[in-house]
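The values are calculated or read from the model by the stated rules, or taken from the named source; none is laboratory data. Bear in mind that the values here come from a model prediction, so they are computed numbers and not experimental data. Here the Cβ is made from the backbone with ideal geometry for all residues, glycine too, and neighbour counts use every protein chain on show.
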2 protein chains.
Amino acid sequence: MSVHSSIPRVDAVAKVTGQAKYTADLVPPNALYAKIVHATITNGLVKRIDGAQAQQVPGFVKLVTCFDAPKTLFPTPGHPWSVEKAHQDVCDRRLLDERVRLYGDNIAVVIARTPLAAAKAARLVRVEYEEYPPLLSPRQALLPGAGALHAQKPDNLLARSSFTVGEGTYADAVASEPDCVELVRTYDTQTVQHCHLELAQSMAYMEGDRIVVVSSTQIPHIIRRIIGQALSLPLGKIRVVKPYIGGGFGNKQDALVEPLAAWLTTLVGGRCVFLELTREETFTATRVRHAISFDIRALVRRDGTLVARKLTAYSSQGGYASHGHSIVANSAAVFKQLYHDQRVLEADALTVYTSLPTGGAMRGYGIPQIDFAAECMADDLCRMIGMDPVDFRLRNCTPEGYVDPHTGITFHSYGMRECLLKGREAFGWDEKRRAFQHQTGPKRRGVGMANFIYKTGVHPISLETAAARLTLNQDGSVMLQSGATEIGQGADTVLTQMAAEALGLSPERVHIVSTQDTDFTPFDLGAYASRQTYISGMAVKRAAEALRRRILDYAAGLLGREAQSLDIRGDAVVDASSGETLRSMTDLAMEAQYSLQNAAHLSAEYTYHCKDNTFSSGACFAQVEVDIPLCKVKIERILIVHDSGRLINPQLAAAQAHGGVSMGVGYALYEEMLFDGKGKPLNDNLLDYKLPTSMDSPDVETLFVELDDPTGPYGNKALGEPPAIPPAPAIRNAVLHATGVAVDSLPLSPQKLYEHFVKAGLMRDIAKEVDA
Amino acid sequence: MSVHSSIPRVDAVAKVTGQAKYTADLVPPNALYAKIVHATITNGLVKRIDGAQAQQVPGFVKLVTCFDAPKTLFPTPGHPWSVEKAHQDVCDRRLLDERVRLYGDNIAVVIARTPLAAAKAARLVRVEYEEYPPLLSPRQALLPGAGALHAQKPDNLLARSSFTVGEGTYADAVASEPDCVELVRTYDTQTVQHCHLELAQSMAYMEGDRIVVVSSTQIPHIIRRIIGQALSLPLGKIRVVKPYIGGGFGNKQDALVEPLAAWLTTLVGGRCVFLELTREETFTATRVRHAISFDIRALVRRDGTLVARKLTAYSSQGGYASHGHSIVANSAAVFKQLYHDQRVLEADALTVYTSLPTGGAMRGYGIPQIDFAAECMADDLCRMIGMDPVDFRLRNCTPEGYVDPHTGITFHSYGMRECLLKGREAFGWDEKRRAFQHQTGPKRRGVGMANFIYKTGVHPISLETAAARLTLNQDGSVMLQSGATEIGQGADTVLTQMAAEALGLSPERVHIVSTQDTDFTPFDLGAYASRQTYISGMAVKRAAEALRRRILDYAAGLLGREAQSLDIRGDAVVDASSGETLRSMTDLAMEAQYSLQNAAHLSAEYTYHCKDNTFSSGACFAQVEVDIPLCKVKIERILIVHDSGRLINPQLAAAQAHGGVSMGVGYALYEEMLFDGKGKPLNDNLLDYKLPTSMDSPDVETLFVELDDPTGPYGNKALGEPPAIPPAPAIRNAVLHATGVAVDSLPLSPQKLYEHFVKAGLMRDIAKEVDA
């Protein structure tokens, strides 16, 4: 079998030897370099820009400002487009804008002959502003008289959506079940950044009247459309190339610098312009994970049955719509799908513009936030009624056969219960839970857990399109072009395996093209929503099946046999019954390519419109040791159990889980973007922003429950994002178990734990003593 | 109509603005540079190579020699491969070889960090040789005891082919028609070089276990196969990319440096190695036009009827087989096809290895050589019997409906007679022919003419494969990928026109991809044999027709109509009867791409195996003024009349004719590679090799006879090579008319004319006087 086996990554050698070419590797020697001039206020208006000093810098070529930029508004998020107006993304972005909506907003660009000259000249651009008070939280931005960031949204409310599932209202439920216990709490998640290794960067140049943009993007075909919208150009005039890419985690599922780079080349006669953001710029001027504040009420019977819940979520959008309301809408949907309420669930989700970095897509897309809130809620409820957390989840998790009432998405396979049971067993949950009760002393241990669900792709909200093309090489190998983008996650490897499996060839015979180019590559929406193995994989499988049929039909003609009596095995056409080799693939391919009599076109292309969806699920178990005096949490053990369908490559699946859990640990304990009182970032660099290093990352244990999902190719379903979801609440719940302290916001930094421990009487208030 | 109209070249803007990227433009900043160490003897053996001094050069990385190179022999010519052994190209080339067969043969390579360091180190490599006497002509190389250049061919005869058409022998004909006039002469053609603007160059690097070669080649898919053969690698491991290319004229229809570059990168861990030849190296170590010597006997009745001919041709192959015997075999075939002999034609063609630069493909592929011989013969016969040259051709040219007895190629359309008549009229042939009789004085005028035929592509000798792929963009434009290579000739423009025509779109809506990449580009054999408009054009037409059908089927579904009732016009789907616009292509494309309900895959791919052929033909008319004392020929007027079927783009067709005639003028008057007595080139640079400049090129008049060929797309047939064929004999015949002097070899340089004019008594032997 080529699938369900751990072949080495197909891009491993190219990447570890430095042969893989990334965007910056492709910048030609005579390129020009662009540097963005960013706003140094958080909310206001640019009144005047003075480039006199900048122009004196040797190598200076051009200064373009917000006053030169087209007035066109365009959307930036990497969503499939919709032909229906109501489903189209919000257009609120200009290439450069005099209206400053966040610290670091783009207001001008310097083009110069060297990166240094560009940076130097950009620093010398003088800007005069009219400054307004910053709007630093959704609740503040919603206050009457806060002042609009975008004229189209006078109250700063980008969007709001509400739904009720069940009968009556939450208040009815409370009134009618007086014996229940009610929880009323607010859970807060912080702003974090993706911190992909390769920074946001694009180069653009022209060929005749066409613009070529080479960019580190997850979504080349979508970027092409967005550039067309931003520059008011028909998109046949635009070509987007995605080379190897060094991570994205959703940040590169947005048009970050591509439209700007595309515009800049048109201003310098089509010369190549390279625009690379620094780490600092990437923090402030690209995208972040939405900070969301969740007001939750939950009603539970003393036997642990969840009766009703009510959610109000405030999502801080930052300055621009980007992925906008989709994120918190996704939070609300998962809040609904994760647990079953006996009576009713009410949900209300608001997305609000704020004067902060723009929230966009980030691994998990709103689910790490809601999973923190929902799983804190679950353990807090358990504590109130004295119930075991795993038992609570087993009792209340959504039943098999669930069909989402709003989207129609069905649990085609659903391994939640199996994951919970397998994890409980493997982790030794029950013993540890008992063993760590009633601890005293400065170091205390605890175990906690959290579960999650996650759908795959965006059906039925948008159209899911994926495509692949396969051609037979003369040596009997095949070229595989997929529109899906390898961004580090291993997509190219699993797509190669699926093509090999469907064709009956060994994986070494499948050569996947790792670069996407909108001029050549079949249309596929790219890397987001953990869709590629599930959706693009199906396109590859079907294209490969089509090529296999063509090869067998061709072989049947050559051999004077019926195609049904033939098969491809061991890189040869064989008799399907006896397995006897009839023609090696190499000989067959040479004949097909070069024979005067028997030449034939053997290629296949397939576009898959995925019109279904399914849920992955799982649970995370963490054991921590909390050093109370030092306010530090040490993760002693962390286990994640996934139901991601059947695994195409178990080793890569485990690697995905390792990376995701590591991201979840950072979310739990270390990472947070900090701002001063005016909204200026305080830690927009990797020294001050505490991204966990390999020294901080625990060993991760992974287990899989391999249910065969009928809708995914070879039974697989989403895996890319899920592992990043449950670690934070699992760790938070383990700290709760160890210390009895329920922290309601992320991260569980030493500073925050100190405040909580003092409040809980676990330690003296040293700060007060020092102050005194 | 998109076809039969002179739209501007689609690549014009990119090329004149410098936006078009050529191979050298793509070399990355950290590339290594290779320099070949060439032999400084003409025939012999490398005994020892000493790199001690070379290694001292700062920046030196590696020296590899013929002693390190694999022993594998591979073929270099850009022919379609054959699955039949007998039709496969001769393998006689190693990457580096200790057996030196020509001055400048490749014996070692230096790799260094800069081009200068590589060049300096290469000069410091010391080589010891064992030297053999050079073989400077085919007749010498065939002498017993000459010594074999290749062990497989002890007599240096690479190949020989003979045929007879008609009854009996030439000797029988002479014996049986005693009243006839017989011509017995030898016509000689010289060695010339292509002199393409962009030099031979390739860069190669690795991605994992695959080798990527970016090269200035006419034939990327063929190069891929050759590299596989040279490196003994399955060709799925090889990727060849063809960027924009600055001319080739057939030289880049050979593997010149690609296999070597591919091998070099494997020796430096896959780092990019750039290998560019200088102009001097391009002259000596790439390919040249074969110098062929033709012994001709011809028998003609006094009424001008050609009775019988006998041809013996000796082709100087140079050191390696390359395109080898195909060239002179093609000469012999055209000698047969150009005229009809009443009784018999005997032909015998020999290709002989010599110690001279290797003969390869060059615009016309053996036909400029034979056309010089055949058309000199025709005028020399006319002079013997006092017949008008045009009348002679009208009487003896091959009749319509001709079917080649060996290949089965048919004149599907044949405009030779029309070209002769149209040219005679437009040129004022009869008046001038009379007016320039019996001149005296130092400057004399004359008119001459020559005709030609040329087939298209290589059917039925090899399999002709061409392919194209079209995809609909969301803006209603299409991407067109053709495997055919734009090398300056305008292929991309005419393919764009044909796709637009077949689709019913305006040409601005067709975006052709000018770069070929064997990983993406449908398999097409590339640019040679004037095949692309005729063969690749058909692939484009059929792929476009298939896409058109898909679009109309899709539109029919959307509109609830029958597809047959719809058409595409004015970039919209219209009612076929009324012409009423029903849906713009843009709206239709957006719907097809993004509609939740109606999304569809709209692309088409087609591989065309051309199993037919047809002949282009035409005639050239030249008027010269010969300055006898200065021995200089001035072309006062030159007209070429082509039957190339219906023209897809008349202006580009005229431009092709201009370029070809200019090349023919150089062949006639100026160009010749000169060698010293040891076979060392004397003029391997553009200062000493007299390529005509724009100052030397006459204004060219072009006329076309547009017969609609049933086998070509939109009625077209070969045009790329033909214009280079007839100018040399037309000019030679004009000099004959002006002076009475029949020069039997090319070029008609002042030195040669001086010798002839002295011999003919037209001028004093100044040289003798000076000597005395």
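Okay, here's what the table says:
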quantity	calculated
Hey, A:LEU669 within 13 Å of A:PRO727 (Cα to Cα), surrounded by 20 or more Cβ atoms within 10 Å (Cβ to Cβ) and at pLDDT 95 or above or not	yes
Condition check for A:ARG531: within 14 Å of another protein chain (Cβ to nearest Cβ) and of a type in the set (Lys, Arg)	no
Qualifying residue in the stretch A:193-204 (condition: within 14 Å of chain B (Cβ to nearest Cβ), under 16 Å from A:PHE520 (Cβ atoms) and not in a loop (DSSP other than H, G, I, E, B))	no
Test: residue in the stretch B:98-111 that is at pLDDT 95 or above, among the basic types (Lys, Arg) and within 26 Å of the chain's Cα centre (by Cα)	yes
Residues of the stretch A:8-37 that turn out to be in contact with a helix residue (DSSP H, G or I) (Cβ under 6 Å, 6 or more places away or on another chain) and either closer than 27 Å to A:ALA204 by Cα or of a type in the set (Phe, Trp, Tyr) (or both), as a count	6
Answer residue from the stretch B:205-233, given it is β-branched (Val, Ile, Thr) and part of a strand (DSSP E or B) and is farthest from B:GLU375 (Cα to Cα) among those	B:ILE211
Hits in the stretch B:337-383 (condition: of a type in the set (Ser, Thr, Tyr) and assigned to a loop (DSSP other than H, G, I, E, B))	B:THR354, B:SER355, B:THR358, B:TYR365
Leading residue by the ranking (nearest to the chain's Cα centre (by Cα)) among those in the stretch A:706-718 that are closer than 11 Å to A:ARG646 by Cβ and buried (at least 24 other Cβ atoms within 10 Å of the Cβ)	A:LYS717
Given (1) away from every other protein chain (no Cβ under 14 Å); (2) touching a Gly at 6+ places or on another chain (Cβ under 7 Å), index of the condition A:ILE238 fails	(1)
Residue list for the stretch A:198-218, restricted to those being free of Cβ contacts under 8 Å to residues at least 60 places away in the same chain and at negative phi	A:ASP209, A:ARG210, A:ILE211, A:VAL212, A:VAL213
Pair list, Cβ under 7 Å, 6 or more apart: the stretch B:266-286 residue more than 12 Å from every other protein chain (Cβ to nearest Cβ), other residue among the basic types (Lys, Arg)	B:LEU267/B:LYS62
Checklist (1) under 23 Å from A:THR702 (Cα atoms); (2) modelled with pLDDT under 95; (3) crowded, with 24+ Cβ neighbours inside 10 Å; (4) not aromatic (Phe, Trp, Tyr) applied to A:LEU495, failing item	(2)
Residue in the stretch A:645-655 that is in contact with a helix residue (DSSP H, G or I) (Cβ under 8 Å, 6 or more places away or on another chain) and either among the small types (Gly, Ala, Ser) or under 26 Å from A:MET377 (Cα atoms) (or both) present	yes
Filter pass, B:ARG548 being out of contact with any Cys (no Cβ under 7 Å at 6 or more places or on another chain) and within 13 Å of chain A (Cβ to nearest Cβ)	no
Condition broken by B:VAL90, with the remaining ones in (1) in contact with a Gly (Cβ under 7 Å, 6 or more places away or on another chain); (2) outside any loop (DSSP other than H, G, I, E, B); (3) closer than 18 Å to B:ALA159 by Cα satisfied	(2)
Of all residues in the stretch A:117-147 being free of Cβ contacts under 8 Å to residues at least 12 places away in the same chain and of a type in the set (A, V, I, L, M), the one that is nearest to A:LYS71 (Cα to Cα)	A:ALA146
Which listed residue, of A:THR711, A:THR693, is part of a loop (DSSP other than H, G, I, E, B), over 21 Å from A:ASN733 (Cα atoms), in contact (Cβ under 8 Å) with a residue 24 or more places away in the chain and among the β-branched types (Val, Ile, Thr)	A:THR711
Filter result for A:PHE294 (among the aromatic types (Phe, Trp, Tyr), away from every other protein chain (no Cβ under 14 Å), in contact with a strand residue (DSSP E or B) (Cβ under 8 Å, 6 or more places away or on another chain) and crowded, with 23+ Cβ neighbours inside 10 Å)	yes
Candidate set from the stretch B:32-46 (those that are more than 19 Å from B:ALA148 (Cβ to Cβ) and of a type outside the set (S, T, N, Q)); member that is surrounded by the most Cβ atoms within 10 Å (Cβ to Cβ)	B:ALA34
The stretch A:676-697, subset in contact with a strand residue (DSSP E or B) (Cβ under 9 Å, 6 or more places away or on another chain) and surrounded by 20 or more Cβ atoms within 10 Å (Cβ to Cβ), residue farthest from A:VAL633 (Cα to Cα)	A:PRO681
Per-region count, the stretch B:183-209, residues crowded, with 18+ Cβ neighbours inside 10 Å and farther than 27 Å from B:SER316 by Cα	7
Scan of the stretch A:514-528 for residues that are within 21 Å of A:PRO460 (Cβ to Cβ) and more than 10 Å from chain B (Cβ to nearest Cβ), ordered by number	A:ASP524, A:LEU525, A:GLY526, A:ALA527, A:TYR528
Those residues of the stretch A:1-46 which are away from chain B (no Cβ under 14 Å) and part of a loop (DSSP other than H, G, I, E, B), in sequence order	A:MET1, A:SER2, A:VAL3, A:HIS4, A:SER5, A:SER6, A:ALA39, A:THR40, A:ILE41, A:THR42, A:ASN43
Strands (runs of 3 or more DSSP E) enclosed by the stretch B:571-681 - at least 2 residues per element that are farther than 30 Å from B:THR465 by Cα and away from chain A (no Cβ under 14 Å)	B:572-575, B:581-584, B:615-627, B:632-643
Restricting the stretch A:466-490 to residues that are facing another protein chain (nearest Cβ under 10 Å) and either touching an Asp or Glu at 6+ places or on another chain (Cβ under 7 Å) or under 15 Å from A:GLY720 (Cβ atoms) (or both), the residue that is surrounded by the fewest Cβ atoms within 10 Å (Cβ to Cβ)	A:MET479
Of all residues in the stretch A:733-772 being of a type in the set (Lys, Arg) and loosely packed, with under 12 Cβ neighbours inside 10 Å, the one that is farthest from A:ARG445 (Cα to Cα)	A:LYS768
Any hit, the stretch A:47-64, residues being of a type in the set (Phe, Trp, Tyr), away from chain B (no Cβ under 14 Å) and part of a loop (DSSP other than H, G, I, E, B)	no
The stretch A:452-465, residues that are over 14 Å from A:SER326 (Cα atoms) and at the interface with chain B (Cβ under 8 Å from one of its Cβ atoms)	A:LEU463, A:THR465
